[in-house]
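Asker: My questions all concern the structure below.
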Amino acid sequence: MKSDRILDCIGFFCPMPIIKTNIELRTMKSGEVLEILADDPGFEKDLPAWCKMTGEMFLGMEKEGSIFKGYVRKK
Amino acid sequence: MTIILFSGDLDKAIAAFTLATTAAASGMDVSIFFTYWGLNVLKRTTFTISKSQNFLQKMFNIMSSARLPISKLNMFGLGPWIMKKLMKKTKMAPLEDLMKLAKELGVKYIACTTSCSFFGVTKETLIADVNEFAGASTYLAEAKDSKINLFI
């Protein structure tokens, strides 16, 4: 998937990947896509749950080995 | 979201701040009401002993300090030491980082005035991040409008 920016959260545990995602999205423009890399197993469920809560658009989750790639479009 | 942080245990404080920062990063208004042993989390220095305290208050502040124990396997301080070491190794965010983030994300700290008076803890001995010094009504007024309320 194409993204405007990549955020590396590999090695960080909950809640850091979500908080970093929130902080990064604040600096982005509406409609831009953020790709988040994380290896916290909880991230797979946490990112869509967080998007549902905040209204950000969850585009999908890819898995490569133990690394998750989450995609969010800023509202 | 409103949280009552009653406990002064490191592990419980980490759990409280994990939820507080995540809620704040999800657009919720978050308040933490620090009462009883929870005040230890806000202490500026390890020991908060002052001249205005009576003997029993001094004893309490020596035995219950900002050097937070953990709720299980404390082993006279060995437990927290191992926990901090392990957290560093596994890159889990330490309490200091979570508290810094909580402030950046606008989490509100309310210190219980009754607990402060009881322990002889003053505004000057607590960190500057405390937004309000108040009592049960202030907390309840916020909790009434909050969908999530936790007692930790």
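The values are calculated or read from the model by the stated rules, or taken from the named source; none is laboratory data. Since this is a predicted model, take the numbers as computed values, not measurements. A quick note on method: Cβ atoms are made from the backbone with ideal geometry, for glycine too, and the neighbour counts reach across all protein chains shown. Ligands, DNA and RNA are stripped out before the accessible areas are found, and what is left, the full protein with its side chains, is counted by its heavy atoms. Shrake-Rupley method; radii C 1.70, N 1.55, O 1.52, S 1.80 Å.
Asker: Output the 0 to 90 degree angle, nearest 10, between the alpha-carbon long axis of helix A:16-26 and the longest principal axis computed from the alpha carbons of chain A.
Answerer: 20 degrees
Asker: Using a Gaussian network model of chain B with C-alpha springs under 10 Å, which one of B:122, B:18, B:90 is most mobile by mean-square fluctuation?
Answerer: In this elastic network of chain B, the residue with the biggest mean-square fluctuation among B:122, B:18, B:90 is B:90.
Asker: Mind ranking B:88, A:29, A:69 by accessible surface for me, highest first, 1.4 Å probe?
Answerer: So, going from the largest accessible area down, we get B:88, A:29, A:69.
Asker: Taking just the alpha-carbon atoms of the stretch B:89-152, what radius of gyration and Dmax come out, in angstrom?
Answerer: 14.1, 42
Asker: What figure, in Å² to the nearest 10, do you get for the accessible area of residue B:123 with a 1.4 Å probe and non-protein molecules left out?
Answerer: 130 Å²
Asker: Filter chain B for me: DSSP H helices, axial length by Cα at least 15 angstrom, mean Kyte-Doolittle hydropathy not below 0.5. List them by residue number.
Answerer: Helices meeting the span and hydropathy rule in chain B are B:10-24.
Asker: Please report, in cubic angstrom per residue, the volume enclosed by the convex hull of the alpha-carbon atoms of the protein assembly as shown.
Answerer: Roughly 122 Å³ of hull volume per residue.
Asker: Still on this structure: Enumerate the amide H contacts of residue B:126 below 5 Å, restricted to partners 5 or more residues apart or on another chain; note that Pro and chain-start residues carry no placed amide H.
Answerer: Here B:44 satisfy the definition.
Asker: Give or take rounding to whole Å, what are the principal axis extents of the alpha carbon atoms in chain B, in descending order?
Answerer: Taking the Cα atoms of chain B, the three principal extents are 43, 41, 24 Å.
Asker: Just to be sure I understand: with springs between alpha-carbon atoms less than 10 Å apart, which residue in A:64, A:56, A:44 has the highest mean-square fluctuation in the Gaussian network model of chain A?
Answerer: In the Gaussian network model the winner is A:64.
Asker: So, in nm, how far is label residue B:73 from label residue B:100 when the simple model puts each one 7 Å beyond its Cα toward the Cβ?
Answerer: My value for the distance between the label points is 2.7 nm.
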